[in-house]
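Scroll down for the structure; my scribbles are underneath it.
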Amino acid sequence: MIRKSWTRTASIEETLALWAASLRDIKKRIRPLFGQERVATNAGLFLEGLLGDEQRKTGWMRAEAAGDPGPWRQQAILGRRDWDADALRDIVRDYVIEHLADDDAVLVIDETGFLKQGKASCGVARQYTGSAGKITNCQIGVFATYVSRHGHAFIDRALYLPKEWTDDPARLKAAYVPPDAGFATKPKLATRMIARAISASVPFKWVAGDTVYGVGDIEQQLRHAGKGYVLGVSSAHVFHSWGKRRSVGGSAADIARTRHASDWKRLSAGAGTKGPRLHNWCYLELADLEAKQFNDTNQGLWTRGLLIRRRIADGDLAFFTTWCPAGTSIETLVAVEGHRWAIEDSFETAKNEFGLDHNESRSWHGWHRHVSLVMLAFAMMAVIRHHANPALPKKTQRRAKTNTKAPRPGH
């Protein structure tokens, strides 16, 4: 299955060859996870089913694509206990970094819902999910997406367990939840994913996330790690400035109301499906702090700030707490915030094309295995897209922009 939008530069023949080579490569990478050759073969067929053209990636559909008489082999990949989904997660992360790494990359944290019937699927409960825009029966997965100039792909995931699950040992046991899982808030799950990325030496400069992840431990973690951030906060979040010529204090909403027309700047947060995603933006530097008090390897001043986005159509406001090297421009911060679209695009693509939400397993390990295999399929396509349609070197891009003379007749 080759998506035309991902093959604008390479020929069909070149892309098919790249596809085949990529599939062989990732099958080779995951082979050590499985103790038996037949299980590794079935895992490869499972992966091919996710990459196939079938609209639904259910066990029966994958089995039909694999030529099996029933879904049992496909289901066994999720149900067997003799391979490690976290090891697969790490393989996906290393594969993504090998091909898409960039020191200026943004790590984007967000969550998505998986609509479910009944109460048996691990982590399912009546809870709010932005996927449906309401409280409904669902699972919630928290994800980290690596976003660089080369492309974007998931590198980590975690299933959120509500308290009604963690307070019920019998329910945990029935879903094969590890004894040490325990309750963890979504921001706590995010800090663990950020810590894993840092421990694995994943190159990134920024972290972006919405209001669920905008305050508390994540801010402190990133300051001590020497990473910048643009994190959403609520309108009631209180900010104060010090050491600045213009004193600022109060809730984010109150501060926004005191801004003058000249404080706002119209900027694009990146290209969207209908052109540049334009909004009005305001950035306030609140305090300059010595970076070395948080991280010995960082030098100089870093700035804590407030970024405000105002929608052009209706004036709706969104607020972001920021941390960046002193002198960082508002354009840079807007661009970082704009990288959050990549995880929304990833969720939509992974669900519509790779069956992210088609998991039929009810267990803890079944969810993590299914999601990790989808992450691998998504990463493979992101890498193919990058190599089939490589970005121009910066000098070449500049020459292309300046060479704007009209062509001579006949050319």
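The values are calculated or read from the model by the stated rules, or taken from the named source; none is laboratory data. This structure is a prediction, so every number in the text was calculated from the model and none was measured. Positions of Cβ are backbone-derived with ideal geometry, glycine not excepted, and every protein chain shown enters the neighbour counts. Just so you know, the surface numbers come from the protein's heavy atoms only, side chains and all, with ligands and any DNA or RNA stripped out. Shrake-Rupley method; radii C 1.70, N 1.55, O 1.52, S 1.80 Å.
Could you say whether any residue in the range 220-232 is hydroxyl-bearing (Ser, Thr, Tyr), crowded, with 16+ Cβ neighbours inside 10 Å and under 23 Å from Ala335 (Cα atoms)? Looking for residues that are hydroxyl-bearing (Ser, Thr, Tyr), crowded, with 16+ Cβ neighbours inside 10 Å and under 23 Å from Ala335 (Cα atoms), one finds at least one in the range 220-232, hence yes. Considering only the range 360-390, how many residues are open to solvent by 10 Å² or more (accessible area, probe 1.4 Å) and within 17 Å of Leu115 (Cα to Cα)? Going through the range 360-390 one residue at a time, the tally reaches 6. Does the range 364-372 contain at least one residue that is touching a strand residue (DSSP E or B) at 6+ places or on another chain (Cβ under 8 Å), among the aromatic types (Phe, Trp, Tyr), over 24 Å from Ala208 (Cβ atoms) and assigned to a helix (DSSP H, G or I)? Yes, the range 364-372 contains a residue that is touching a strand residue (DSSP E or B) at 6+ places or on another chain (Cβ under 8 Å), among the aromatic types (Phe, Trp, Tyr), over 24 Å from Ala208 (Cβ atoms) and assigned to a helix (DSSP H, G or I).
Give the residue that is nearest to Ala252 (Cα to Cα), with candidates limited to residues of the range 290-324 that are open to solvent by 40 Å² or more (accessible area, probe 1.4 Å) and in a strand (DSSP E or B).
To start, the set of residues in the range 290-324 that are open to solvent by 40 Å² or more (accessible area, probe 1.4 Å) comprises 290, 292-293, 296-297, 299, 301, 309-314, 316-317.
Applying the additional criterion that residues be in a strand (DSSP E or B) yields 290, 301, 309-310, 317.
Working: Glu290: 24, Leu301: 24, Arg309: 11, Arg310: 13, Leu317: 10 Å.
The qualifying residue nearest to Ala252 (Cα to Cα) is Leu317.
Within the range 122-132, restricting attention to residues that are in contact (Cβ under 8 Å) with a residue 24 or more places away in the chain and open to solvent by 10 Å² or more (accessible area, probe 1.4 Å), the residue that is farthest from Trp165 (Cα to Cα) is Ser131. The set of residues in the range 42-61 being modelled with pLDDT of 85 or more and open to solvent by 70 Å² or more (accessible area, probe 1.4 Å) consists of Glu48 alone.
Among all positions in the range 133-141, there is no residue which is surrounded by 15 or more Cβ atoms within 10 Å (Cβ to Cβ), under 27 Å from His224 (Cβ atoms), touching a strand residue (DSSP E or B) at 6+ places or on another chain (Cβ under 7 Å) and free of Cβ contacts under 8 Å to residues at least 60 places away in the same chain.
Looking across the range 234-266, the residues that are small (Gly, Ala, Ser) and either buried (at least 16 other Cβ atoms within 10 Å of the Cβ) or in contact (Cβ under 8 Å) with a residue 12 or more places away in the chain (or both) come down to Ser234, Ser235, Ala236, Ser241, Gly243, Gly250, Ser251, Ala252, Ala253, Ala256. In the range 159-171, the residues that are more than 28 Å from Ile109 (Cα to Cα) form Cβ pairs under 9 Å with partners that are of a type in the set (D, E, K, R) and assigned to a loop (DSSP other than H, G, I, E, B), at six or more places apart or across chains, as follows: Arg171/Lys119. The set of residues in the range 328-356 that are open to solvent by 10 Å² or more (accessible area, probe 1.4 Å) and outside any helix (DSSP H, G or I) comprises Thr328, Ser329, His339, Arg340. If we scan the range 158-169, do we find a residue that is within 25 Å of Asp217 (Cβ to Cβ), hydroxyl-bearing (Ser, Thr, Tyr) and surrounded by fewer than 21 Cβ atoms within 10 Å (Cβ to Cβ)? Looking for residues that are within 25 Å of Asp217 (Cβ to Cβ), hydroxyl-bearing (Ser, Thr, Tyr) and surrounded by fewer than 21 Cβ atoms within 10 Å (Cβ to Cβ), one finds at least one in the range 158-169, hence yes. Scanning the range 272-284 for residues that are in contact (Cβ under 8 Å) with a residue 60 or more places away in the chain and open to solvent by 50 Å² or more (accessible area, probe 1.4 Å) yields a single hit, Arg277. Screening Ala287, Ala269 for residues that are outside any loop (DSSP other than H, G, I, E, B), open to solvent by less than 20 Å² (accessible area, probe 1.4 Å), free of Cβ contacts under 8 Å to residues at least 60 places away in the same chain and not charged (D, E, K, R) leaves exactly one candidate, Ala287. Only residues that are touching a residue at least 40 places away in the same chain (Cβ under 8 Å) and either crowded, with 21+ Cβ neighbours inside 10 Å or not in a loop (DSSP other than H, G, I, E, B) (or both) were counted across the range 105-120, and they come to 10.
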